[in-house]
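The values are calculated or read from the model by the stated rules, or taken from the named source; none is laboratory data. None of the values given here were measured: they were computed from a predicted structure. Reconstructed Cβ throughout: ideal geometry from the backbone, glycine too, with neighbour counts over all protein chains shown. Areas reflect the complete protein model, heavy atoms only, side chains present, ligands, DNA and RNA absent. Shrake-Rupley method; radii C 1.70, N 1.55, O 1.52, S 1.80 Å.
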Amino acid sequence: MVPSLDVEPYSNSKDSNRDNHDTTSPYFSPLFTSAADLQLRFLCPSDLDQVKDLCKEWFPIQYPEAWYRDITSDPRFYSLAAVYQSKLVGLLIAEVKQSDAINKEDKGILDGRMYSNCTVGYILSLGVCSSFRRQGVASLLLDSFLNHVTQSENQICKAIYLHVLTMNSAAIRFYEKHYFRLHSFLPYYYSVDGKCKDGFTYVLYINGGHPPWGLLYPFLETILKYSFIH
């Protein structure tokens, strides 16, 4: 299982990520002017140590060693990096999987009639170095993944979902700005510094996907937001 948190938008999960660069240091003040200065590329095994450091810096959840190996070498992961002057400054880790592989707590994100022959995208983690936040880097990474799952060959992918801490208002605002909608409340979903923390599931429907039809669903989002966000 892999919940999501992040720091700019942060999206961490019961599997997670972090980097060693002190981006608040006076020695690291890049002259970053626009997203055009960035290069997007997929992670490779040689990035492992740098990815580890970034994830430790960004996320309060500790990931196992095997997770780092997987996201930097296993092609089933969509592990995208934003690179500036040869340094990783942003990461998006996602995967596309069969709908029947959705964890129990998220089974309700799709109408049951879709489960037999479709896939879903799951965003494990999304993070950006502090010096590069609020400059469109996270949006660039997210848009790349969304473009991937909406291409003609991926039309069977019906939803993108993620988990986020209820207290992570920056991440929530970011995902809602990109049309993700609140789907469910996950009590005690995260373990952060030995303490249980609540989470939300957010979903973006694509390629004709939709939630289960029902009279209560349109009101659920409003109720949850009122109870936990306001």
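Taking first residues from the range 42-66 that are more than 17 Å from LEU165 (Cα to Cα) and partners that are among the hydroxyl-bearing types (Ser, Thr, Tyr) and open to solvent by 20 Å² or more (accessible area, probe 1.4 Å), the Cβ contacts under 7 Å between residues at least 6 apart in sequence or on separate chains come to PRO45/SER73.
One residue alone among LEU186, LEU182, LEU165 is buried (at least 16 other Cβ atoms within 10 Å of the Cβ), free of Cβ contacts under 8 Å to residues at least 60 places away in the same chain and aliphatic (A, V, I, L, M), and that residue is LEU182. Screening CYS129 on (1) under 13 Å from the mean Cα position of the chain (by Cα); (2) closer than 21 Å to TRP58 by Cα; (3) not charged (D, E, K, R) shows it passes everything except condition (1).
Conditions (1) closer than 28 Å to LEU40 by Cβ; (2) crowded, with 22+ Cβ neighbours inside 10 Å; (3) in contact with an Asp or Glu (Cβ under 9 Å, 6 or more places away or on another chain), marked per residue:
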| residue | (1), (2), (3) |
| --- | --- |
| SER116 | no, no, yes |
| ARG134 | yes, no, yes |
| ALA138 | yes, yes, yes |
| CYS157 | yes, no, no |
| SER191 | no, no, no |
| LYS195 | no, no, no |
| TYR205 | yes, no, no |
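Note on the range 67-103: residues that are open to solvent by 20 Å² or more (accessible area, probe 1.4 Å), at pLDDT 95 or above and part of a helix (DSSP H, G or I) total 3.
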